[in-house]
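Each remark here refers to the structure printed beneath this line.
The values are calculated or read from the model by the stated rules, or taken from the named source; none is laboratory data. Fair warning: this is a prediction, and the values are worked out from it, not measured in the lab. Glycine also receives a Cβ, built like all others from the backbone with ideal geometry; neighbour counts cover every protein chain displayed. Remember, those area values only see protein heavy atoms, side chains included, never the ligands or the DNA or RNA. Shrake-Rupley method; radii C 1.70, N 1.55, O 1.52, S 1.80 Å.
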Amino acid sequence: IWGEADSGHFVYEERTGDFDVKVQVPYFEAPAPDANAGLGVRESMAAGSRNINVVVYANMRNWTATQRVETDGASSVFPGEWRIEWAEGKSYPDVWLRLKREGNTFTTYGSINGTDWPQAGNPLTPSSPYPATVLVGMRTTPVEVQVPDSIGVAKYREYGDFVASSVPQLTIARSAANQIALSWPT
């Protein structure tokens, strides 16, 4: 899913309005250097549809944010720091992706734990707005043109709405000589 026309696999749902979705990629293997898997947004299933993606590569250790600005146009990376390297020692299954839409602005993230989300690329607001209803889901591109008759295998887990979670912080303070005060958020 790159260039001026796409091939690959896209398992999607229609989403209307704002959304914030995440998925874990616990496994991805493919022989082609540019094989990638991740989350995508498309206007349609046409091969040249405008799209926005955050992906991982089978043979590289990073998250990358990509887009096709115009229908049947060339693909490009997001502005800003569009490629984020994974933390040292991290690999599959500790790979998560997240794609968020607010109005006509799209933001992409990666994670090694499903809790902390470094942003990949700057938030992107296309000059021509995307329609209210778009196709959102998991997309895999084995890039079989690089290695003819090859296949790639990506596994996905926990696709769905992103819900921010935090661990309550317990605070212990000495309030008097023989007293302590415990507090935590509700």
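Tabulated data
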| item | result |
| --- | --- |
| Cα gyration tensor, segment 66-171 - rounded (a/c under 1.5), prolate or oblate | oblate |
| Nearest-10 value in Å² for the accessible area of Lys22, using the 1.4 Å probe | 30 Å² |
| Phi-based couplings in Hz for segment 84-89 (Karplus 6.51, -1.76, 1.60; Gly and Pro marked x) | 10, 6, 5, 5, 3, x |
| Most mobile listed residue (Arg98, Arg174, Arg15) in the chain, GNM with C-alpha springs under 10 Å | Arg174 |
| Note, ³J(HN,Hα) from phi for segment 125-131, Karplus 6.51, -1.76, 1.60, rounded to Hz, x at Gly and Pro | 10, x, 5, 9, x, 6, x |
| Val147-Glu13 FRET efficiency (beta carbon distance; Förster radius 41 Å; 0.05 resolution) | 0.85 |
| For the chain: accessible area per residue (Å², 1.4 Å) | 53 Å² |
| Where Tyr109, Tyr92, Tyr12 fall by accessible area, highest first, once all protein chains stay in place (1.4 Å) | Tyr12, Tyr92, Tyr109 |
| Whole-angstrom Cα spans of the chain along principal axes, big to small | 74, 36, 28 |
